[in-house]
Amino acid sequence: MSRPRITAGGRLVAGVPLTWLFLLFAVPFIIVLKISFSEVRLAMPPYAPLLESHGGHTGVQVHLANYSFLFTDPLYIRSYLYSLKVAAVSTFLCLLIGYPMAYAIARASSTVRSVLLMLIVLPFWTSFLLRVYAWIGLLKNNGVINNVLLYLGVIHEPLTMLQTDFAVYIGIVYSYLPFMILPLYANLEKHDVTLLEAAADLGASPFTAFRRITLPQSLPGIAAGCLLVFIPAVGEYVIPSLLGRTDQLMIGRVLSDEFFENRDWPVASAVAILMLLLLVVPIMLFQRLERREVGAHK
Amino acid sequence: MSLDAYVRIEGVSKKFGDFVAVDDVSLQVSRGEIFCLLGGSGSGKTTLLRMLAGFETPTAGKIYLDGQDLSTVAPYERPVNMMFQSYALFPHMTVAKNVAFGLEQEHLGRAEIGRRVGEMLEIVKLSQFAARKPHQLSGGQRQRVALARSLVKRPKLLLLDEPLAALDRKLREHTQFELLNIQKALGVTFIVVTHDQEEAMTLSSRMGVMNHGRIVQVGSPTQIYEFPATRFVADFIGSVNLFEGRIAGADAQVTRAGGSRTRIHSNELGCALEVEQPQSLAAGATVWAAIRPEKIAIAREAPTPPDAGGSQEANVVRGSVKDVAYLGDMSVYLVQIESGKLVRVTRPNVMRGTQDRIAASETVYLSWHASSPVVLTE
């Protein structure tokens, strides 16, 4: 197949988002990268310029101290690992809950389907912050859940749910579930039901047919859903700040503290760059997987 | 009831809400037979097939296979396999994996599975494609994978849903005969659903024509074509000229040299009609005479009666040619007879060249033998 010729209109259409990405993603990223190699200073801005002239000769001062510092203080490593753990568990829970839901929506009649999809998207119409605050009201010691359980006599002392991992999982799973369901639904909806009939015809029980036909074919949907949940969950700031533990911070919170509390912009930038690397690797793996998938269907 | 009925369908009906898809169908198929269910879309043929496979449950009636009642057997436990119209190959598995899938469900040993998959791919001539994925195959190859996958389990009964519909014409003819050879070699009983009469005629030893959920006629392809039971069957299989008429009164039975004949008056035809078919119908009964286009002779001169002593006027009608379609192997003439009705006549183009071929707007005589018309009452 020959490549279609790129017209002036085509250049414009591609140029607008490219300019957008360059100005609002590449440029800030380069600035952050630059700051991460700088030294902290009590000044405005609070870091030393990379380009400095010392008595006549100009030199570039690259400080790797910010990065090595992240590996000397266990706070950062622990926060990274904790963030990965929280994101992984939340992603797994989202998959566990979201897959059957996506499957049911994909198999529902077309009228029921549009209603169900509407219900999945509906929470987005309320502010995200508001919905997380609502969970505080539900989970706190004298909150709705504890009061109901005490009233029913199921428990005699209020359960500590707020400021635990449990609350963070609830918050993340609740907030990110649609991002798992929608790509899974888009994948499952395209499945050919006759393949399941063919499997049944060849002697496969419904469970075997699911395991050998539906599941392998939905892998791209699973991968897309998992990445859409995992990546923002790693850097999640609001949910763990409002619902999470105070003794163990997630990396998003560490970053913000470095920035606003410590005013150590270089270290904060190094944290951000390292987090980006941590996330870019799985994204690239996913894209390679996806490209292979697309290539196989050509 | 024949004793060797291998598949027995007894009074099977299927309703979807108010819609009766299959209406009280009873049918018997012998072991090793290729039976075709022929019908238009919505005739219920596919629903009947899906009930045999177990994807639909009959609203009423029973289905027996080799003496076993299949009513309560789940699709994945039936000794029946189906070849789907869309083939339904598993896109993420190789050809060999697709074929092996059914055997893996029987928990056979790996060596046994490998051997039988190899054998089956040999039969459908796909051995060198074993490692390919379905999307890397041509339509004909995919069809053979589907066939191999459904046959490898050695089913008692193989159901084929429009097995050749997705293939182009040339490939279809070739595949038809291949399918027949494979069936003969393996001795599996086939039930084929098709809307294509040509497919049904070449494949089947017997066929059933379905309309509105009912089986209208069961018989060999020759029986169905030459002795259709109803106007629907006559019209559905091949093309036919139908003339409405009434059995003549007192002079209904006439004796000619060739034997006794029944006379029919038809205003639509405009000439006396004598048929050999013995009739026990009352005088005045409304009937339809069905005459196949290839059984009508077309000539510029009025023919002399083919059998001495035949009536000069019977089975001959004059008309003018409205249209001629040259199809290569044969030509189709549309002749308007004096009553105004259009009659379709086909002639094989035995001789090459164009000289002296009957052309449009010529006056012609159409004639046929008294054995040609089929008298139908419904």
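Nothing in this text is a laboratory measurement; each read-out follows from the coordinates by a stated rule. All of these numbers come straight from a predicted model, not from anything done at the bench. Quick reminder, even Gly has a Cβ in these numbers, built from the backbone with ideal geometry, and neighbours come from all protein chains shown.
So the values come out like this:
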| read-out | value |
| --- | --- |
| Cα→Cβ-extended label distance, 7 Å offset, between A:N147 and A:V121, nm | 3.5 |
| Per-selection Rg to Rh, chain B - Cα, Kirkwood hydrodynamic radius | 1.07 |
| Cβ-based net charge around A:V32, under 14 Å, with every Lys or Arg adding one and every Asp or Glu removing one | -1 |
| Set of aspartates and glutamates near B:K97 by C-alpha distance (under 18 Å), chain-local residues within fewer than 8 positions excluded | A:E197, A:D201, B:E106, B:E112, B:E119, B:E122 |
| Between helix A:74-107 and chain A: long-axis angle, C-alpha atoms, 0 to 90°, nearest 10 | 30 |
| Residue mean of other protein chain beta carbons inside 10 Å, A:208-216 | 3 |
| Inter-label distance for A:L23 and A:L138, nm, one decimal - labels placed 7 Å from Cα along Cα-to-Cβ | 4.1 |
| Angle in degrees between helix B:110-123 and the longest Cα principal axis of chain B, rounded to the nearest 10 | 20 |
| Hull-based mean projected area of the protein assembly as shown, where the convex hull spans the alpha carbons, in square nanometres | 51.5 |
| Efficiency of FRET between A:D257 and A:R291 - r from beta-carbon atoms, R0 45 angstrom, step 0.05 | 0.70 |
| Estimated vicinal HN-Hα couplings, Hz - region B:11-21 in sequence order (Karplus 6.51, -1.76, 1.60; Gly, Pro = x) | x, 7, 10, 9, 10, 10, x, 8, 7, 8, 7 |
| Proxy reagent accessibility, fewest Cβ within 10 Å first, across A:R78, A:R291 | A:R291, A:R78 |
| Residue-averaged beta-carbon neighbours from other chains (10 angstrom radius) around A:190-199 | 5 |
| Alpha-carbon centroids, region B:2-60 and region A:206-251: separation in whole Å | 48 |
| Proxy reagent accessibility, fewest Cβ within 10 Å first, across A:M180, B:M210, B:M351, A:M101 | B:M351, A:M101, B:M210, A:M180 |
| Candidate aspartates and glutamates for bridging to B:K184, where Cα separation is under 12 Å - those fewer than 8 sequence places away on the same chain excluded | B:E33 |
| Peptide B:81-93 - average C-beta neighbours from other chains (10 Å radius) | 5 |
| For B:Q183, net neighbour charge (Lys/Arg +1, Asp/Glu -1) across residues whose Cβ lies under 15 Å away | +3 |
| Proportion of all alpha-carbon pairs of region A:61-296 beyond 30 Å (%) | 41 |
| Separation in nanometres of the label points that stand 7 Å from Cα toward Cβ, at A:D192 and A:F210 | 2.3 |
| Cut-off 9 Å between beta-carbons: net charge of the residues surrounding B:R214, Lys and Arg +1, Asp and Glu -1 | -2 |
| Average silhouette area of region B:121-203, convex hull of alpha-carbon atoms, in square nanometres | 5.4 |
| Sorted by Cβ density within 10 Å, fewest first, the residues A:L18, B:L70, A:L195 | A:L18, A:L195, B:L70 |
| Relative packing of B:26-35, B:127-136, which averages over residues the other C-beta atoms within 10 Å, highest first | B:26-35, B:127-136 |
| Relative contact order computed over chain B (Cα-Cα under 8 Å; 6+ residues apart), in percent | 14 |
| Over region A:61-296, relative contact order from alpha-carbon pairs under 8 Å, at least 6 apart, % | 29 |
| Lysines with Cα under 27 Å of A:K85, excluding same-chain neighbours fewer than 8 positions away | A:K140 |
